[in-house]
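The values are calculated or read from the model by the stated rules, or taken from the named source; none is laboratory data. Quick caveat: nothing in here was measured; it's all calculated off a predicted structure. All Cβ positions, even for glycine, are placed from backbone atoms using ideal geometry, and neighbour counts span all protein chains on display.
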């Protein structure tokens, strides 16, 4: 009956009364073959060249490797019964086959590289599976080509891990030897191949994930340690090994609590499931110290039990570097930023450049406003620790009872109000960089002793602590006081003076820098005009003469303020005398010739205060305004020089 149906439809083109006799899927295939005008009496051959076969097999190497054992098992079930087992790619090219020699000799189209597409071979299981992507069996005369009527084909698609069809498994042979369960065996084998592919893909993903995680761990800038539910180390990256100053072989299986010498923290992690954030550790490692912040997170399993943890170690110097970066502890100025052409300034700059590369202490002497911090920053940026922090501290601006904690830090609970976890001092933050001690002459005597100890021993002990912390620091100190006189009076330690005063550099006051005033004025006019988005102003001759004749007790800082005011008021027009501060319009204050060149700074300052007070009829507010200082500062100077206000 089936052959009659094939003969009527395929050979004679008769469609009436045969539809019910033929599987609809087979009928659809026959129709497609007729539409393509395939000859049912001729079986076309389409085979890849050896080179093309090699390329296609290489492309499907993974599929072949997984499927081959299953092909061999399947063949063992049909061996000797005239069958062939074929593995094809998703386009229906034969990649691999196993078969009895008699069927291979009888059917020359069962060859590696042969194309079993429906368009070439007509209706066949492999070609129809390619189209329908479902398991099916094509029996004898269901084949479109008469040449294939003696075989039965059972085929099933093979899907990859992502669900796409990547191949076809087929068993073909003499229809008289076909078994009712042949298709079931093929389907089972195809599913087994798919399962193996999925398992392989899952394993590959696990390996990939592990390698990704391992690469991340190994490349982290922080130290990382994983440990099990007993606290035993299971993994550690090179950074953590370096921070802890141990060899890798000493770590695995070791108890982390023994290494940290802190059982409480690990037990809090494992027994209570608590997280640890930024706990500071300072561990002795022979001749070295391990100083780091420790953070850890417990790992919870599917039963909500702690099964281990992960710890992150951050080397304290890297933390300090980040803190310094955030708070701006960086040196901005270089020697190129110091403006001036006077002989006295050039000489000071040259000395500073010469000593910058060494780590010797530098002592900067000069009046307020001469640019001591600019010199300090320039020295730092030309030194061997230029990449390190630049930490500046004004010793006169910190309350007496806080200066030691600011300089040297403190441990938790060291005093009332101490922050939890303690706090590093400026010396720790400046490690591997430069610390600039401005107004060091105002440092209390008791702090001077602590500072001397740090400079001599090159290590810091925090207030309330006992462990010394090594520091490598370039020290630059500055003062506007006569420290020799302060030593004589007993206000400054002589041993500290000589420890700081290894290389002294005197920065000349602006009044002694011939030709620099107008040079600086021009620079500040350009700077502030740019900041205020105003046209450049010119200095009128009277204003320029006033700038040149002025004594400049506030030095460069005072000049900068004066020009900023003038640029704001002139708004791009010429800067006249009226745009300058009142002190520059006062002939008494403007005349630097009224002072003796041999006078000390204190003598000059006292004389200037007296003359200014007299010029404003002893009005404190006006005097302070003219001098560019606060009323409190003026009162302090009056007390210092023993100046009494008439009638008070």
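Residues that are surrounded by 17 or more Cβ atoms within 10 Å (Cβ to Cβ) and over 14 Å from residue 371 (Cα atoms) within region 328-350 comprise 329, 342, listed in sequence order.
Close Cβ contacts (under 6 Å, 6 or more residues apart or on different chains) running from residues in region 270-282 that are without any contact (Cβ under 8 Å) to a residue 40 or more places away in the chain and outside the structural domain of residue 428 (by TED's automatic domain parsing) to residues that are part of a helix (DSSP H, G or I) and surrounded by 12 or more Cβ atoms within 10 Å (Cβ to Cβ) comprise 274/268; 276/265. Residue-level check: of (1) under 21 Å from the mean Cα position of the chain (by Cα); (2) surrounded by 11 or more Cβ atoms within 10 Å (Cβ to Cβ), residue 221 misses just (2). Exactly one residue among 404, 367 is closer than 26 Å to residue 523 by Cβ and modelled with pLDDT under 95, and that residue is 367. There is at least one residue in region 243-251 that is buried (at least 17 other Cβ atoms within 10 Å of the Cβ), within 25 Å of residue 470 (Cβ to Cβ) and modelled with pLDDT under 80. Take residue 375 and decide whether it is under 27 Å from residue 515 (Cα atoms), surrounded by 22 or more Cβ atoms within 10 Å (Cβ to Cβ), touching a strand residue (DSSP E or B) at 6+ places or on another chain (Cβ under 6 Å) and touching a residue at least 24 places away in the same chain (Cβ under 8 Å). Criteria met by residue 375. Number of residues in region 452-482 that are more than 32 Å from the chain's Cα centre (by Cα) and over 30 Å from residue 370 (Cβ atoms) equals 6. For region 225-239, filtering for residues that are exposed (fewer than 15 other Cβ atoms within 10 Å of the Cβ) and assigned to a loop (DSSP other than H, G, I, E, B) leaves 1.
Table: residues versus (1) crowded, with 19+ Cβ neighbours inside 10 Å; (2) modelled with pLDDT of 90 or more; (3) in contact with a helix residue (DSSP H, G or I) (Cβ under 6 Å, 6 or more places away or on another chain).
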position	(1), (2), (3)
379	yes, yes, yes
396	no, no, yes
414	no, no, no
426	yes, no, yes
430	yes, no, no
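For residue 9, the stated conditions do not hold, so it cannot be described as in contact with a strand residue (DSSP E or B) (Cβ under 8 Å, 6 or more places away or on another chain), surrounded by 12 or more Cβ atoms within 10 Å (Cβ to Cβ) and either over 20 Å from residue 190 (Cβ atoms) or assigned by TED's automatic domain parsing to the domain that holds residue 116 (or both). Residue pairs whose Cβ atoms lie under 6 Å apart, separated by 6 or more positions or on different chains, with the first residue in region 300-325 and over 18 Å from residue 277 (Cα atoms) and the second loosely packed, with under 13 Cβ neighbours inside 10 Å and modelled with pLDDT under 85, are 307/301. In region 240-261, is there at least one residue being in a strand (DSSP E or B) and under 30 Å from residue 305 (Cα atoms)? Yes, region 240-261 contains at least one residue that is in a strand (DSSP E or B) and under 30 Å from residue 305 (Cα atoms).
Within region 388-407, the residues that satisfy the criterion of being free of Cβ contacts under 8 Å to residues at least 24 places away in the same chain and out of contact with any strand residue (DSSP E or B) (no Cβ under 8 Å at 6 or more places or on another chain) are 398, 399, 401, 402. Return yes when residue 290 is at pLDDT 85 or above, in a strand (DSSP E or B), touching a strand residue (DSSP E or B) at 6+ places or on another chain (Cβ under 9 Å) and surrounded by 14 or more Cβ atoms within 10 Å (Cβ to Cβ) and no when it is not. In short, no.
Yes/no per residue for (1) in contact with a strand residue (DSSP E or B) (Cβ under 6 Å, 6 or more places away or on another chain); (2) assigned by TED's automatic domain parsing to the domain that holds residue 366; (3) closer than 30 Å to residue 509 by Cα:
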residue	(1), (2), (3)
425	yes, yes, no
430	yes, yes, yes
438	yes, yes, yes
453	no, yes, no
465	no, yes, no
468	yes, yes, no
476	yes, yes, yes
480	no, yes, yes
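Within the set 534, 518, 580, the sole residue that is under 23 Å from residue 371 (Cβ atoms) and surrounded by 15 or more Cβ atoms within 10 Å (Cβ to Cβ) turns out to be 580.
Per this entry, residue 47 is counted among residues that are over 22 Å from residue 182 (Cβ atoms) and at pLDDT 90 or above. Only one of the numbered conditions (1) buried (at least 16 other Cβ atoms within 10 Å of the Cβ); (2) assigned to a strand (DSSP E or B) is not met by residue 265, and that is (2).
Residues of region 77-109 that are assigned to a loop (DSSP other than H, G, I, E, B) and more than 60 Å from the chain's Cα centre (by Cα): 79, 80, 81, 82, 100, 107, 108, 109. Whether any residue in region 212-230 is at pLDDT below 80, in contact with a strand residue (DSSP E or B) (Cβ under 8 Å, 6 or more places away or on another chain) and under 27 Å from residue 318 (Cβ atoms) is what I want to check. Checking region 212-230: at least one residue is at pLDDT below 80, in contact with a strand residue (DSSP E or B) (Cβ under 8 Å, 6 or more places away or on another chain) and under 27 Å from residue 318 (Cβ atoms).
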